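The values are calculated or read from the model by the stated rules, or taken from the named source; none is laboratory data. Everything numeric here is computed off the predicted structure, so don't read it as measured data. Don't worry about glycine lacking a Cβ; one is built from the backbone with ideal geometry, like all the others, and counts go over all protein chains shown. The area values use the complete protein model at the heavy-atom level, side chains included, leaving out ligands, DNA and RNA. Shrake-Rupley method; radii C 1.70, N 1.55, O 1.52, S 1.80 Å.
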Amino acid sequence: MEVRNLTCIGCPMGCPLKVEIENEKVVNVYGNTCAMGVEYAKKECTNPTRIVTSSVFVEDGEIDVLPVKTEKDIPKSKISDCIKCLQGVVVKAPINIGDVIFKNVSNTGINVIATRSISKKSN
Ligand code: SF4
């Protein structure tokens with residue numbers, strides 16, 4: 001049986017979890033204070049995913065850099081490719097919060113969106 005030690009990221013308590021895995025399945029979780037810890041352990045040990053945050057350049061905007069994030073979690077294994085996809089991306093102002101900046105990043109089916117609005121630079 002494999003045993004993994006994780007820290008739950010479900011809330012600021014950060015419970016230390018001990019996870020027992022057998023045949024690639026989570027069979028026991030210890031150390032969780034609530035049920036979310038069990039869900040986190042199962043997901044982290046079988047299909048770990050994350051929201052990715054990054055930034056892209058802006059042309060003609062009141063500021064030059066736009067913070068962006070994936071709309072939903074993407075597989076952890078795709079994070080580095082996702083970051084590479086966003087390198088060199090330049091978007092033109094104006095931009096509204098929630099605008100799609102990059103579609104189907106790394107073939108995940110998930111879009112990367114703007115997390116703030118940026119107006120066009122006034123002349
Ligand atoms: S197990 Fe529950 S209480 Fe503990 S960190 Fe996770 S979400 Fe928070």
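Some points to look at:
- Only one of E24, E44 that is open to solvent by less than 60 Å² (accessible area, probe 1.4 Å) and more than 9 Å from the ligand (Cβ to nearest atom): E44
- Here V90 fulfils each of the conditions (1) touching a residue at least 24 places away in the same chain (Cβ under 8 Å); (2) over 15 Å from the mean Cα position of the chain (by Cα); (3) open to solvent by 60 Å² or more (accessible area, probe 1.4 Å); (4) within 16 Å of the ligand (Cβ to nearest atom) apart from (4).
- Annotation: of all residues in region 27-41 being touching a strand residue (DSSP E or B) at 6+ places or on another chain (Cβ under 7 Å) and within 16 Å of the ligand (Cβ to nearest atom), the one that is farthest from K121 (Cα to Cα) is N28.
- Yes/no for V38 being modelled with pLDDT of 95 or more and either open to solvent by 90 Å² or more (accessible area, probe 1.4 Å) or part of a strand (DSSP E or B) (or both): no
- Filter result for V56 (within 15 Å of the ligand (Cβ to nearest atom), surrounded by 14 or more Cβ atoms within 10 Å (Cβ to Cβ), in a strand (DSSP E or B) and more than 14 Å from the chain's Cα centre (by Cα)): no
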